[in-house]
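**Student:** What follows is a structure written as C-alpha cells; I'll ask about it next.
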Amino acid sequence: MLDIIMLGEKRQSMIPKGFQHQHFLKAIAEIDIEGVPKPRESYRYDLLINGKKYPPKYVISIANKYLNGKEWPSKSFNAVEAKDYFIRNGYRILDRKINKSISRIVSEDEESKFPEGKEKYKYHRSLERDSSIAKKAKEARLESVGELICDACGFSFSDTYGELGAGFIEAHHIIPVSKLRGERKTTIKEIALVCSNCHRMLHTGEKLLSVEDIKSIINDRKDNIT
C-alpha cells in the first residue's frame, strides 16, 4: 500500500495509496468532533473542505484509519508532501504565508475602476458607500475561509499572482446602493466578492446582473464547449 522510493541509503517515505474522498470526509468528521491535538496543528498550510480549514497532514493520518485500519504516523511524511498530495488530487490548499495578512487587503480605492462611459455606473460609484464595509467583508471572508476567491467564477488572485495578488478581490453590492436611498448602510451579507472580470460583467447590460446570473452564464458556456 505504500509508495516508497529508495535513494541510495536514504529511504523516502510517501503517503499511502488508495485514498478516496470518503476517507477524508470521515477524517474531517472525526476531527470536527475530537478536535486537533496541539502537536498536530498546522502552522503553514490549511486544507479547505466544505468551507472549513483542516491540517492537511493530520487529515491524512486520520484518513488512514479508514483506509488501512490505523492512524498513519506523522513522522512517515512531512507537511509539504501532504500539501502536494492534496493539490495533485484537486483539493484546495491555503498557504498562510500568502493569505494570513489581513493588513494586505487592497483598499477599494486602489482597485481597478471601470471605464466611465456609462452613466449608470458613474451614478453607482457616486452613491457608494461606507468605504469600510468592503474591507470588513474581505476580513470576514479571510477569517472564516482563509482565502479570497471570486464568488462567481472561483478565480483567486493569490493563486495566480502569488504575493502580488494576496489580499486582492473586488467588492460588489448585491443590492444596488441607489435602491437603499440613503435610508440605511450596506451590510456585509449584501457584499459579494468577485474578480475584476466578473465585476465588470455584473454591471454590463440593461440591468444589474446577479452573481447567480454570472455563474449560470459561465456554466452554460462550459457545457456548450464540452
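**Student:** Every residue in region 11-44 that is of a type in the set (Phe, Trp, Tyr) and at pLDDT below 90, please. I'd like the intermediate steps shown before the answer.
**Tutor:** Taking region 11-44 as the starting set, the residues that turn out to be of a type in the set (Phe, Trp, Tyr) are 19, 24, 43.
Result: 43, single match.
**Student:** Just to verify a result, which residue in region 69-93, among those that are part of a helix (DSSP H, G or I) and more than 12 Å from residue 15 (Cα to Cα), is nearest to the chain's Cα centre (by Cα)? Break it down stepwise before answering.
**Tutor:** As a first pass, look at region 69-93 and keep what is part of a helix (DSSP H, G or I): 74-76, 79-88.
When the remaining residues are screened for being more than 12 Å from residue 15 (Cα to Cα), the result is 87-88.
Working: 87: 13, 88: 17 Å.
In this case the residue turns out to be 87.
**Student:** Next question. Any residue in region 22-41 that's on the phi > 0 side of the Ramachandran plot and without any contact (Cβ under 8 Å) to a residue 12 or more places away in the chain: show its pairings with residues that are surrounded by 11 or more Cβ atoms within 10 Å (Cβ to Cβ) and of a type in the set (S, T, N, Q) at Cβ separation under 8 Å, as long as the two are six or more apart or on different chains.
**Tutor:** Pairs found: none.
**Student:** Scan region 188-221 residue by residue and report those that are of a type in the set (Val, Ile, Thr) and either in a helix (DSSP H, G or I) or more than 18 Å from residue 148 (Cα to Cα) (or both). Give the derivation first.
**Tutor:** Our first condition is that a residue be of a type in the set (Val, Ile, Thr); within region 188-221, this holds for 188, 191, 194, 204, 211, 214, 217-218.
Scanning region 188-221 gives 188, 204, 211, 214, 217, 218.
The values are calculated or read from the model by the stated rules, or taken from the named source; none is laboratory data. What you are looking at is a predicted structure, and each value in this text was computed from that prediction instead of being measured. Don't worry about glycine lacking a Cβ; one is built from the backbone with ideal geometry, like all the others, and counts go over all protein chains shown.
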